[in-house]
């Protein structure tokens with residue numbers, strides 16, 4: 001169904017590709033646990049993870065500080081990547097990404113309200129307010145784009161851009177009003193994984209995995225929709241239902257990750273492009289490979305964020321932008 005210079009997808013190729021990416025993700029995860037302001041040997045990390053280390057300091061560094069952050073980076077990167085691939089499939093636009101529909105702006109407004117009103121003392125309040133803001137924008141955009149039982153992708157894109165612009169203006173107003181919390185606000189706007197904890201990871205993991213699984217189940221439908229809505233309907237795809245479900249799931253994923261990480265750009269735009277170049281446009285391999293490569297990419301960029309200028313930490317969103325923009329320009333010129 002999809003034109004590609006890559007060999008046809010079969011179970012063996014799919015298994016080999018995803019296994020290789022899973023090994024890459026595991027290696028990157030282990031590397032991030034070893035490196036930081038204090039370097040820890042591979043053997044010591046392995047002993048801590050196996051529960052046989054008696055060094056309390058090492059256990060604290062690995063299990064309480066680095067492991068939650070690495071796991072959060074993995075989840076956020078994976079979520080943004082599959083959300084980006086989904087929006088690109090829905091809109092049939094290679095420049096679509098998780099933040100183009102204004103969902104991140106709504107989440108940021110919610111987070112800034114929590115910070116500015118002094119509600120951030122409770123660790124769950126800021127992520128909760130952020131998610132509520134994202135959900136509000138998601139429902140608003142959906143309501144504007146849903147016409148006569150059909151999700152109009154053009155209206156979806158335009159509504160998202162306009163509502164995102166409105167909420168971006170609201171963000172500037174909130175930063176001006178709550179200038180006493182300016183630093184925390186800017187950390188959120190630039191993306192930050194420094195507040196990672198097992199509680200937030202536990203809250204988002206279940207819904208994130210379920211949403212990713214449901215999107216992967218739509219892979220064949222995405223392939224058919226890529227040929228055009230009318231042809232997909234002739235082949236038995238309930239296009240309106242698929243678009244509606246996929247939009248809600250991808251938006252849910254975006255809202256979840258923004259609620260715990262702030263705005264981390266370029267992951268959802270760049271990773272699906274790289275996977276499409278490496279493995280082809282078939283969504284049966286594109287979506288799961290985006291999850292694995294997205295997780296590995298954000299773990300690496302977060303490792304750079306906390307080690308490049310150690311002990312000073314760079315917001316991970318700034319690192320993804322500095323790395324992602326040149327790579328995307330290069331890919332754009334080459335492909």
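Points worth noting:
- Residue match in region 92-110 (condition: without any contact (Cβ under 8 Å) to a residue 12 or more places away in the chain, on the phi > 0 side of the Ramachandran plot and part of a loop (DSSP other than H, G, I, E, B)): no
- All of 299, 314 fail the test of being outside any helix (DSSP H, G or I) and either modelled with pLDDT of 95 or more or buried (at least 19 other Cβ atoms within 10 Å of the Cβ) (or both), apart from 314.
- Candidates 286, 224 - the one that is over 28 Å from residue 130 (Cα atoms) and surrounded by 24 or more Cβ atoms within 10 Å (Cβ to Cβ): 286
- Which numbered condition residue 43 fails, given (1) in a helix (DSSP H, G or I); (2) crowded, with 16+ Cβ neighbours inside 10 Å; (3) over 24 Å from the mean Cα position of the chain (by Cα): (2)
- When each of 76, 141 is tested for being buried (at least 24 other Cβ atoms within 10 Å of the Cβ), closer than 19 Å to residue 193 by Cα and either out of contact with any helix residue (DSSP H, G or I) (no Cβ under 7 Å at 6 or more places or on another chain) or in contact (Cβ under 8 Å) with a residue 24 or more places away in the chain (or both), the lone residue that passes is 76.
- Flag for residue 198 being touching a residue at least 40 places away in the same chain (Cβ under 8 Å), out of contact with any strand residue (DSSP E or B) (no Cβ under 9 Å at 6 or more places or on another chain) and surrounded by fewer than 18 Cβ atoms within 10 Å (Cβ to Cβ): yes
Conditions tested, residue by residue: (1) buried (at least 23 other Cβ atoms within 10 Å of the Cβ); (2) in contact (Cβ under 8 Å) with a residue 40 or more places away in the chain.
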site	(1), (2)
229	no, no
233	no, no
237	no, no
249	no, yes
254	yes, yes
261	yes, yes
264	yes, yes
267	yes, yes
271	yes, yes
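- When 85, 32 are screened for being farther than 22 Å from residue 312 by Cα and either loosely packed, with under 11 Cβ neighbours inside 10 Å or touching a helix residue (DSSP H, G or I) at 6+ places or on another chain (Cβ under 6 Å) (or both), only 85 passes.
The values are calculated or read from the model by the stated rules, or taken from the named source; none is laboratory data. Since this is a predicted model, take the numbers as computed values, not measurements. Glycine gets a Cβ as well: all are built from the backbone with ideal geometry, and neighbour counts include every protein chain shown.
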